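A.B. asks: Sharing a structure here in structure tokens format.
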Amino acid sequence: MKISFRILLFLPLIQFLGCRATGFELKGKLNNANKVELYFDQLLPTQVTNLDKVVTDENGNFEFHTEIPAEGFYRIRVSDKNYAVILIKPNDRLSANGDAQNLSQSIKVEGSKEAIEFMELNSYLQKTFVFQDSLQKVYYGYSQQGHPRLDSIAQSLDLELQKSMYFKKQYIVKILDTKPGSLLALAATEQLNPETDVQYFMNILPHLEKNYPNSEYVKNFRLKVNELSRLAIGTPAPEISITDPEGNPIRLSDFKGKIVLIDFWASWCGPCRRENPNVVNMYKRFHDKGFEIFSVSLDKDKNNWIGAIKTDGLIWKHGSELAYWQSSFCKTYNITGIPMTFLIDKDGKILAKGLRGQDLENKLVQLFGN
């Protein structure tokens, strides 16, 4: 079971108390917790391990006494859907109070600077999420009414959304700049876009490895950074060598000297087929200016593949291994969903990723003009 830090960051925290010579101690009191079973788990990148279980008394008081393997992310839970996460160290003395019916929203923590900072981060992210969600609900309400000024309202709401996203990023970046070697910073990176913000990941990695050379979190983070940096904007695009519908070899390097869009798709992919008319329009509009498309299919049935090319009028170069998700380029380009695109420059370096619809058109206009 793979654990995402994103899960950790939207579920506020717990308060732990105390440290004895034999291990960790957590004390607290929960409302609505008469004889309730509480679990204490360690959260690692690849697994969740239960370390202890207690039952509250009739007033909701509880205590945990267990060994903490290392500084990291732990959780207290009533169930798999009702829990709160905290960043703790083996010798922390913490206290926790909240409501057993909603741990993530109610838990308060005292006794550790790191735990409190993590709680503050979660609280900020929750408030941001609620605000952004409210903007979407406002737009939905007006759209359901068929409001005559819907376009104007949408623009205003989008401006507020962009402001919120900007301030959230500034909040996260401040943590990375001031605490680059902390697990707080590591967790905060989950709020960044790994496709465009990989440099932030790379900046904090050496600090984390210095402070936590044996941490499973940091080892997993290095793997993530290595994967992201391999396909980062500005890096050489990995070679793709496959065959076209006639069985002839075709390679990405054949397109060097052109701006080329690698379009990962398949005949069975509904979103891909719906996007194809836009891709056709972009090809017709910019091909004479030096724009090429290399469609790379995840099909496994050759007839379906060729039929979709003909039906959709895809008049450019195509290739496939007819190996579905087992295609070698899926691993090379970390393809976990389609449609997916990579825009490559004349020197074979990655210019952009994931461009579709209006975003693709805007980028091509930027490169080639109207």
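The values are calculated or read from the model by the stated rules, or taken from the named source; none is laboratory data. Being a predicted model, the structure only gives us computed values, none of them experimental. Here the Cβ positions follow ideal geometry from the backbone for every residue, glycine too, while neighbour counts run over all protein chains shown. What goes into the accessible areas is simple: the full protein's heavy atoms, side chains included, and nothing from ligands, DNA or RNA. Shrake-Rupley method; radii C 1.70, N 1.55, O 1.52, S 1.80 Å.
A.B. asks: What does the charge count near residue 124 come to, summing +1 for each Lys or Arg and -1 for each Asp or Glu among other residues with Cβ under 13 Å from its Cβ?
C.D. replies: Values: positive: 127, 168, 169, 174; negative: 117, 120.
Result for the local shell: +2.
A.B. asks: Would you kindly derive the ³J(HN,Hα) couplings of the range 318-324 from the backbone phi angles with the Karplus curve 6.51 cos²θ - 1.76 cosθ + 1.60 (θ = phi - 60°), listing them in order in whole Hz, with x for Gly and Pro?
C.D. replies: 10, x, 6, 9, 6, 10, 6
A.B. asks: In nm, to one decimal, how far is the modelled label at residue 142 from the one at residue 256, with both set 7 Å along Cα→Cβ?
C.D. replies: Distance between the two pseudo-spin positions: 5.1 nm.
A.B. asks: In whole percent, what relative contact order does the chain give with Cα contacts below 8 Å and a gap of six or more residues?
C.D. replies: 12
A.B. asks: Compare 138, 365 by solvent-accessible area with a 1.4 Å probe and give them largest first, with all protein chains kept in place.
C.D. replies: Correct descending sequence by accessible area is 138, 365.
A.B. asks: How high is the relative contact order of the range 56-151, in percent, with contacts defined as C-alpha pairs under 8 Å that are six or more residues apart? Intermediate results must be reported in sequence, preceding the final value.
C.D. replies: Details: 84 pairs, mean separation 15.9, N = 96.
After rounding, I find 17 percent.
A.B. asks: Need one number: the % of Cα-Cα pairs in the range 134-187 sitting beyond the 14 Å mark.
C.D. replies: Distances greater than 14 Å cover 63 percent of the Cα pairs.
A.B. asks: Have a look at the DSSP beta bridges in the range 262-370 and tell me what percent are antiparallel, nearest 5.
C.D. replies: Around 45 percent of the beta bridges assigned by DSSP in the range 262-370 are antiparallel ones.
A.B. asks: Something else: Please name whichever of 34, 83, 154 sits farthest to the positive end of the charge dipole of the chain, dipole taken about the Cα centre and charges placed at Cβ: Lys and Arg +1, Asp and Glu -1.
C.D. replies: Checking the options against the dipole of the chain, the answer is 154.
A.B. asks: Now for a different question. For P(r) over Cα pairs in 20 Å bins from 0, in percent, the choices are (i) 28, 57, 15, 0; (ii) 24, 44, 28, 4; (iii) 27, 54, 18, 1; which was calculated from the structure?
C.D. replies: After the calculation, the listed value that fits is (ii).
A.B. asks: Where both residues lie in the chain, what percent of DSSP beta bridges are antiparallel, nearest 5?
C.D. replies: 70
A.B. asks: Can I ask one more? Calculate, for the chain, the solvent-accessible area per residue in square angstrom, rolling a 1.4 angstrom probe over the heavy atoms of the protein chains.
C.D. replies: Per residue, the chain has an accessible area of 51 Å².
A.B. asks: Compute a Gaussian network model of the chain, connecting alpha carbons closer than 10 Å, and tell me which residue from 68, 344, 153 fluctuates the most.
C.D. replies: 153
A.B. asks: Within a Cβ distance under 10 Å of residue 329, other residues only, what is the Lys/Arg minus Asp/Glu net charge? If you can, show how the numbers build up before the last one.
C.D. replies: Values: positive: 331; negative: 239, 321.
Net of charged neighbours comes to -1.
A.B. asks: At 0.36 nm per residue, and after removing the present C-alpha to C-alpha distance, how many nm does the segment from residue 332 to residue 46 gain when stretched out fully?
C.D. replies: Separation in residues times 0.36 nm, less the Cα-Cα distance, equals 100.7 nm.
A.B. asks: Check residue 60: other-chain or 5+ apart residues with amide H under 5 Å from its amide H, H built from backbone geometry?
C.D. replies: 35
A.B. asks: What does the charge count around residue 346 come to, taking other residues whose C-beta lies under 9 Å from its C-beta (Lys +1, Arg +1, Asp -1, Glu -1)?
C.D. replies: +1
A.B. asks: Anyone know which of 186, 322, 343 comes out most mobile in the 10 Å Cα GNM of the chain?
C.D. replies: Highest fluctuation among the options: 322.
A.B. asks: Using amide H atoms built 1.01 Å from N in the peptide plane, name the residues 5+ places from residue 349, or on other chains, whose amide H lies under 5 Å from its own.
C.D. replies: The answer is 237.
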